[in-house]
Amino acid sequence: MKLTILGCYSATPRTLNNTTSQVLEINNHMFLIDCGEGTQVQLRKHKIKFNRIKHIFISHLHGDHFFGLIGLISTFRLLTREADLHIYGPKGIKEVTIMQLKLADSWTNYNLIFHELTSDSSELVFEDEKVEVFTIPLNHRVYTNGFLFKEKEGDRKLNIGAVEDANINVAYYRKLTQGFDVVNEAGKTIKNESVTKAGLKPKSYAFCSDTMYKEDIVPIIKNVDVLYHESTFLEKHAHLGPKTKHSTAKEAATIAKLADVGTLLLGHYSTRYDNLNAFKDEAQEVFDHVELCEDGKTFDF
Ligand SMILES: [Zn+2]
Ligand SMILES: [Zn+2]
């Protein structure tokens, strides 16, 4: 997986800071996660091919997370896109988008397929042979979901020496990689584990923004390789958290620790802070593996 941070600040775009948007490359997919104002400029800057984006996941309908969407949809139209575009987001995202296209008399020449979300429980919203995407219900001022991106368990790997020694017909190799026991040329049942080994460990990424501290997401994101959790504030402004329904760096780190994740990425910083290192320092008092998101930064995992 490769994650590119297009923007990671809260509230408003500024000269050097963009609002929330990320691109996750996973098994040939190019998933766009949130689409703050200016996202298409960031996509161009980071040379991400527009036509590879087929699925856009929107956490909630605050402007810093989706004001770039109508611009991107419009640009796709001008580029004479033909491929379907799937948009996953809160109920209302279809209405607000269609209204703008209608008033501008600028209907797209490709299919826009909306998947509107209303559930307060985690649900599967996308699946193919290799990848699953689940919602992560969050607690914010408006209806909000994070998203959990998971690779499925991969094929097992053949231990070629053991397979040959066991006298198994090559026609059964596919069954072996799928995890089945098979019968060898002599009619004997061969246990799968005796001739195969586990494939690559599936990777997972959880995106959680915007939200106040919400401990009941922990079972959903347990053991993910990478967790992005918003940290709008430092503890010295913790009193603003419940009012604006955002988290502090310490709270993000506490969630990371409880969920026993591999790495915590921090972002959605309030623009009141000049020194981002303070976010990392504060989080590391609770959890070791912390990285700061910055616009344009990439993470491979
Ligand atoms: Zn926000
Ligand atoms: Zn918000």
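Computed on the Cα atoms alone, the convex hull of the stretch 214-301 gives a volume of 91 cubic angstrom per residue.
Database remark: amide H of VAL182 closer than 5 angstrom to the amide H of ILE190, ASN192 (H placed geometrically; neighbours at sequence offset of 5 or more, or on other chains; Pro and chain starts carry no H). Would you mind checking the tilt of helix 249-259 against the longest principal axis of the Cα atoms of the chain, expressed as 0 to 90 degrees and rounded to 10? So the helix axis and the longest Cα principal axis differ by about 20 degrees.
Comparing LEU43, PHE149, TYR213 along the charge dipole axis of the chain, the residue lying farthest to the positive side is LEU43, per the Cβ-charge model. Shape analysis of the stretch 20-111 yields a ratio of the Cα radius of gyration to the Kirkwood radius, Rg/Rh, of 0.93. Charging the Cβ of each Asp and Glu at -1 and of each Lys and Arg at +1, and nothing else, the dipole of the chain about its Cα centre rounds to 580 debye.
Computed extension gain for HIS115 through ALA186, at 0.36 nm per residue and net of the alpha carbon distance, reaches 20.3 nm.
Each stretch of four or more DSSP H residues adds -39500 (n - 2.57); spread over every residue of the chain, this sum gives -6000 deg cm²/dmol at 222 nm. Within the straight-line cut-off of under 27 Å between alpha carbons, the lysines reachable from LYS257 are LYS2, LYS150, LYS152, LYS201, LYS203, LYS214, LYS222, LYS236, LYS243, LYS245, LYS280, LYS297, sequence neighbours fewer than 8 places apart in one chain being disregarded.
In order along the stretch 210-219, phi translates into HN-Hα couplings of 9, 6, 8, 3, 9, 5, 6, 7, 4, x Hz, rounded to whole numbers, per the Karplus curve 6.51 cos²θ - 1.76 cosθ + 1.60 with θ = phi - 60° and x for Gly and Pro. In plain terms, if you count all Cα to Cα distances in the stretch 152-268 and split them into 5 Å steps from zero, the share in each step is 2, 11, 18, 12, 8, 7, 6, 7, 8, 7, 6, 4, 3, 1, 0 percent.
Shape class for the chain: oblate, because the ratio a/c of the largest to smallest gyration tensor axis (alpha-carbon atoms, square roots of eigenvalues) is 1.5 or more and b/c is at least a/b.
Packing around the peptides 260-266, 188-194, taken as the average count of other Cβ atoms within 10 Å per residue, puts them in this order, highest first: 260-266, 188-194. Isolated cysteines of the chain, defined as having no other cysteine beta carbon under 4.7 Å away, are CYS35, CYS208. Distances between placed amide hydrogens fall under 5 Å for THR263 paired with VAL226, LEU227, all partners being 5 or more residues away or on another chain. For the stretch 49-185, what does the alpha-carbon gyration tensor say about shape, rounded, prolate or oblate, given a ≥ b ≥ c as the root eigenvalues, a/c under 1.5 as rounded, and a/b over b/c as prolate? Prolate is the answer for the stretch 49-185, as a/c is 1.5 or above and a/b outweighs b/c. Set the Cα radius of gyration of the stretch 157-197 against 2.2 N^0.38 Å, with N its number of residues, and you get 0.94.
When only the Cβ of Lys, Arg, Asp and Glu is charged (+1, +1, -1, -1), the dipole of the stretch 157-197 relative to its Cα centre reaches about 180 debye. In the stretch 98-149, the ratio of gyration radius to Kirkwood radius, Rg to Rh, stands at 1.10 when only Cα atoms are counted. Summing charges over all other residues whose Cβ lies under 13 Å from the Cβ of GLU95, with Lys and Arg as +1 and Asp and Glu as -1, gives +2.
Considering only beta bridges that DSSP places wholly inside the chain, some 55 percent are antiparallel.
Values in this text are rule-based calculations from the coordinates and carry no lab data. Worth saying up front: this structure is predicted, and the values here are computed from it rather than measured. When we count neighbours, we look across all protein chains shown, and the Cβ atoms used for this are built from the backbone with ideal geometry, even at glycine.
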